[in-house]
Amino acid sequence: MNVTITPPRIGPQTWEACRGKLDQALPFANMRDTPYYRDAIYEQFSRQEYERRYAALRAKMREHKLDAIIVPGGPSHWSFGGGMLWLTGHWEWHALCCYVVVPLDGEPTLIYSMGGTHAEAVRRQVAVAVQDVRHSRNGRYADIMVERIRELKLERGRIGLMEIDPRHEDYLPVNQYNVLRHNLPDAELVFTKGFLHELVVVHSEEELRCVRKAGVLCERAMEAMVARAKPGVPEYELRAAAGAAILDDGGDIDFLIIGTTPMANPAMVFGNPRPSHRKLQKGDIINMELAAGYNGMSAQIGSPITLGPPNDMVRKFWDEITLPGYQRIVAEIKPGNATDSMRHAAKFFRDKGVQSRPVQVHGIDIVTDKPHVFAERTEADEIDKVLKPGMIIMAEPNPITADGLFGIFLGHTFIVNDKGHEIVDQFPLEIAIAG
């Protein structure tokens, strides 16, 4: 017979109450208002920016007649902190996700994975955005949600549940949902769809500053790869160099996709999502796509690197296919232009007798999101069918030879502005030669 033992619950412990009991689990887990991390410094958005975000979310809640909403976010690419990070500034790495309970009226509550010193550090980190940070009591997130909802007297309310991963339409785990359903039988639980994208598809100036910083981090990651790329260096060292460049300037790594192949006998059209132990050789080409985050905003980049001068085939493919096709797409990034115009520009590749990966362009809200421009179709919501100032666009065509054996990925991140667009990095628009 399996028996689940629920640990006793005690409330927050003041510093004076717990400072002499740090070897006891409950006082340690529930400590509050300690002197720990008092010297920590975090770069955060302004209080006014967070007020703007909460106001925008609550306007959306009113539109959908929600009394409260549960906003998750986790460390996967398709979440990249999600709404939880956007509302608090907390980057989660311990757990599948953490959650913010946001009432229509009243203070928000961050439910963080860990207690003790971890929770105290997070309280310092998010103090500009949220004052009420509670730990999950070993993963009992939904129990904490229920407690907060009861405190707000919303047991009979209409409670929204946002996605953890909006791309794959994944919500909170079934065990957490079952706890909510069991303990709030009179509440209406509503699975919302696409709330976060609608709130961040057009960015504030504070957010755009962070996108620009993420672009600089992408540029430095590319420079670090060029410097590290030499014969005998394994692919994973390129990953290490790019990652270190991002982390060295306070950024976060979203993804590092890096692969290599001989130019004389290629068998690669896109970088490797898991860079291998293959050692670089003279005559190789490196394909990559990198993504860096800064303060919850992100940018992406990719541009070919060769070990030694490019051979005739690669030079011709770059000069006649990759670069002009990319430039045609970028020329369509301007306010008032239909998103689908970029798809029409990308027909250049088939007109030239080559092919490409399906995706040509995508948007970035926090990470990769709509609009998605494919060779065959464009996927866009009403809000992003037409380009607007403040939108982020990643132009990333990846033309491929007719035989399917060789391709070059070329991508840079753009901010749509009143005059057209702004590129967020200054990495040269040319084949980089290393080694």
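Under 13 Å from the Cβ of Glu188, count the other residues' Cβ atoms, weight Lys and Arg +1, Asp and Glu -1, and hand me the total.
So the environment of Glu188 carries a net charge of +1.
If you average over every viewing direction, what projected area does the convex hull of the Cα atoms of segment 374-435 give, in nm²?
Taking a quarter of the hull surface, the average projection is 6.5 nm².
Leaving out ligands, DNA and RNA, and with a 1.4 Å probe, what % of the accessible surface on segment 343-402 is carbon or sulfur?
Heavy-atom surface of segment 343-402 belonging to carbon and sulfur, 1.4 Å probe: 49 percent.
Okay, helix-only estimate at 222 nm for the chain: each DSSP H run of n ≥ 4 adds -39500 (n - 2.57), divide by all residues, round to 500 deg cm²/dmol; what do you get?
Using -39500 (n - 2.57) per qualifying helix, the result is -8500 deg cm²/dmol.
Net charge within 10 Å of Ser79 by Cβ-Cβ distance, Lys/Arg positive one each and Asp/Glu negative one each, not counting Ser79 itself?
Local net charge: -3.
Once amide H atoms are placed 1.01 Å from N in the peptide plane, what residues at a sequence separation of 5 or more from Met31, or on another chain, have their amide H within under 5 Å of its amide H?
Amide H neighbours of Met31: Gln13, Gly116.
In whole Hz, with x marking every Gly and Pro, tabulate ³J(HN,Hα) for segment 188-199 from phi via Karplus 6.51 cos²θ - 1.76 cosθ + 1.60, θ = phi - 60°.
Result, rounded to whole Hz: 9, 9, 10, 7, 7, 9, x, 4, 5, 4, 5, 7.
How far is helix 47-63 tilted, in degrees, relative to the longest principal axis of the Cα atoms in the chain, given as a value from 0 to 90 rounded to the nearest 10?
Its long axis makes an angle of about 80 degrees.
Tell me the carbon and sulfur percent of the accessible area for segment 82-188, rounded to whole percent, probe radius 1.4 Å.
Carbon and sulfur atoms account for 49 percent of the accessible area of segment 82-188.
If DNA, RNA and ligands are ignored and the probe is 1.4 Å, what is the ranking of Asp312, Asp384 by accessible area, most exposed first?
So, going from the largest accessible area down, we get Asp312, Asp384.
When Lys and Arg each count +1 and Asp and Glu each count -1, what net charge do the other residues less than 12 Å away from Arg52, Cβ to Cβ, add up to?
Neighbourhood net charge equals -2.
With every protein chain present, what accessible area does Ser113 have (1.4 Å probe, heavy atoms only), rounded to the nearest 10 Å²?
10 Å²
(1) 1.27; (2) 1.03; (3) 0.94: which one is Rg/Rh (Cα atoms, Kirkwood Rh) as calculated from this entry?
Among (1) 1.27; (2) 1.03; (3) 0.94, the one calculated here is (2).
Can you give the angle from 0 to 90° between the axis of helix 205-228 and the longest principal axis of the chain, with both taken from C-alpha atoms, to the nearest 10?
The angle comes out near 50 degrees.
Length gain on complete extension for the stretch Asp132 to Lys316, per 0.36 nm per residue less the alpha carbon to alpha carbon distance?
Value of the extension gain: 60.3 nm.
Taking a ≥ b ≥ c as the square roots of the eigenvalues of the Cα gyration tensor of segment 287-334, is the shape rounded (a/c under 1.5), prolate (a/b larger than b/c) or oblate?
Oblate shape, in that a/c is at least 1.5 and b/c is the bigger or equal ratio.
Taking θ as phi - 60°, what are the ³J(HN,Hα) couplings along segment 160-177 by the Karplus curve (6.51, -1.76, 1.60), each to the nearest whole Hz, with x for Gly and Pro?
x, 10, 7, 6, 6, 10, x, 5, 9, 6, 9, 10, 4, x, 4, 5, 5, 4
What are the lysines whose alpha-carbon lies under 24 Å from the alpha-carbon of Lys213, with same-chain residues fewer than 8 places away excluded?
Lys334, Lys370, Lys388, Lys419
Taking the convex hull of the alpha carbon atoms in segment 277-435, what volume per residue do you get, in Å³?
Given the Cα convex hull of segment 277-435, per-residue volume reads 125 Å³.
Considering the chain as a Gaussian network with a 10 Å cut-off on Cα pairs, which listed residue, Gln131, Gln24, Gln327, attains the greatest mean-square fluctuation?
Looking only at Gln131, Gln24, Gln327, the largest GNM fluctuation is found for Gln24.
Of all DSSP beta bridges located in the chain, what percent are antiparallel, nearest 5?
Here the antiparallel bridges make up roughly 75 percent for the chain.
The values are calculated or read from the model by the stated rules, or taken from the named source; none is laboratory data. Predicted, not measured: the structure shown is a model, and the values here were computed from it. Backbone-built Cβ (ideal geometry, glycine too); neighbour counts: all protein chains shown. Areas reflect the complete protein model, heavy atoms only, side chains present, ligands, DNA and RNA absent. Shrake-Rupley method; radii C 1.70, N 1.55, O 1.52, S 1.80 Å.
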